[in-house]
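In what follows, a structure is listed as structure tokens, so that the remarks can point back to it.
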Ligand code: NAP
């Protein structure tokens, strides 16, 4: 069997298009959705993520209110900004780019975001609601929500399935597990202390891999016909034909390529469907952030 390759770029573009259509209609009625971005310091990866998020806002007609703060800002000053944004009626989503500098208590800052503007879905109340039967948070975390969106768009049956999630982080593994549970999958969560992960994975109809270990999931770990969603993003060295590391002529540094947590080439011969890296889950995160911001705006406008 050769798996269906799930085109995350196409699905993300479809989600973004849906959001754009709704935003256009809202703006025509005088309702303008707004996202506040908060960037502390100037880590190149964080700057690049925030820039992409703001570009997506511009493309979709969402106002973005950018807040760039020095690395050495005090916790109290940052807290004051979060409180101000939480009270600002133009702002329907607050995105605090992580990680924050070490001197700032991340839990305190994320806990100060108004739960009705928590478009990243990281507020403990929203995460708690995600895990409770009969409760629904206004927002689910973007990357795990993107995993579910991909499964839905390819018609995977989640209810009644056996799902195995590799990884239990607050950002991906745990919320992905809770979302799958909420959709009536029977969920097993694996982490660094789990014994015989291969045997656990072989039971799975759905595998979500989010551990940050290149090509960890091999073909032998996958039941024929399973759906495999690879969240992992790992840089590995590019090798020359003789096995030595390839060096970039431009930078003089070893060349790297991105791979996921799944051995894509081998697993695609076993799975029913699989996401590539890059081009699978990656593009979904910002698309789901835009969807969450629209949801926050509709909630604020009394349109949900
Ligand atoms: P993380 O916070 O480092 O968590 C990794 C998880 O994997 C932990 O729960 C850890 O277990 C578990 N783990 C580590 N080694 C393991 C092993 N050998 N066997 C079983 N479990 C193991 O990572 P994260 O933030 O969740 O990210 C996971 C991956 O997803 C990374 O590659 C990251 O780059 C990627 N990611 C992608 C996106 C996106 O595409 N948009 C977004 C976020 C993250 P313990 O809890 O026991 O330590």
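The numbers here are math on the coordinates, done by the rules we state, and not lab data. The model shown is predicted, which means the values in this text are computed figures rather than measured ones. For neighbour counting, all protein chains shown are included, and Cβ atoms are generated from backbone atoms with ideal geometry for every residue, glycine included.
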task: Kindly identify the stretch 30-114 as rounded, prolate or oblate by the Cα gyration tensor criterion: order the square roots of the eigenvalues as a ≥ b ≥ c, call it rounded if a/c is under 1.5, otherwise compare a/b with b/c, prolate if a/b is larger, else oblate.
output: oblate
query: Which whole number in µm²/s is D for the stretch 262-304 by Stokes-Einstein, with the Kirkwood Rh taken over Cα pairs at 37 °C and 0.692 mPa s?
result: 258 µm²/s
message: Using a 7 Å offset from the Cα along the Cα-to-Cβ direction at both residue 257 and residue 32, what is the distance between the two label points in nm, to one decimal?
response: 4.6 nm
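Sort 205, 45 by Cβ crowding within 10 Å, fewest neighbours at the top. It would help to have the intermediate numbers written out before the result.
Values: 205 19, 45 9.
Lowest to highest Cβ neighbour count: 45, 205.
With both bridge residues required to lie in the chain, what share of the DSSP beta bridges run antiparallel, to the nearest 5%? Before the final figure, lay out the partial values.
Working: 6 of 35 bridges.
Beta bridges within the chain, antiparallel portion: roughly 15 percent.
Apply 1/(1 + (r/R0)^6) to the Cβ-Cβ distance of residue 48 and residue 103, taking R0 = 30 Å, and write down the FRET efficiency to the nearest 0.05.
On the way: r = 23 Å, r/R0 = 0.78.
Calculated transfer efficiency: 0.80.
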message: Once you keep just the Cα pairs under 8 angstrom separated by 6 or more residues, what percentage relative contact order results for the stretch 30-114?
response: 42 percent
field: Simple label model, 7 Å out from Cα along Cβ direction - residue 196 to residue 135, nm
entry: 3.6 nm
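So what is the relative contact order of the chain, in percent, for Cα pairs below 8 Å that sit 6 or more residues apart? Mind showing how you got there, number by number?
On the way: 608 pairs, mean separation 69.2, N = 304.
Once normalised by length, the contact order is 23 percent.
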- request: Mind sorting 1, 284 by how few other Cβ atoms lie within 10 Å of their own Cβ, fewest first?
  value: 1, 284
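To the nearest 0.05, how large is the calculated FRET efficiency for residue 162 and residue 236 if R₀ is 25 Å and r is the Cβ-Cβ distance?
0.25
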query: Quick one: in the chain, what % of C-alpha pairs are over 27 Å apart?
result: 46 percent
- prompt: Taking 0.36 nm per intervening residue step and subtracting the Cα-Cα distance, what contour gain separates residue 265 from residue 115 on full extension?
  reply: 49.9 nm
query: Over the Cα atoms of the stretch 142-283, what Rg and Dmax result, in angstrom?
result: 15.8, 52
message: Between residue 220 and residue 18, what is the label-point separation in nm under the 7 Å Cα-to-beta-carbon projection?
response: 4.0 nm
message: Could you work out how much longer the chain between residue 66 and residue 184 gets when fully extended? Use 0.36 nm per residue separation minus the Cα distance between them, nm to one decimal.
response: 38.6 nm
statement: Residues of the stretch 272-292 with backbone N under 15 Å of the label point set 7 Å from the Cα of residue 303 along Cα→Cβ are 291-292
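Counting other beta carbons within 10 Å of each residue's own, what order do 139, 216, 301 fall into, fewest first?
Numbers: 139 29, 216 19, 301 15.
Going from sparsest to densest Cβ surroundings: 301, 216, 139.
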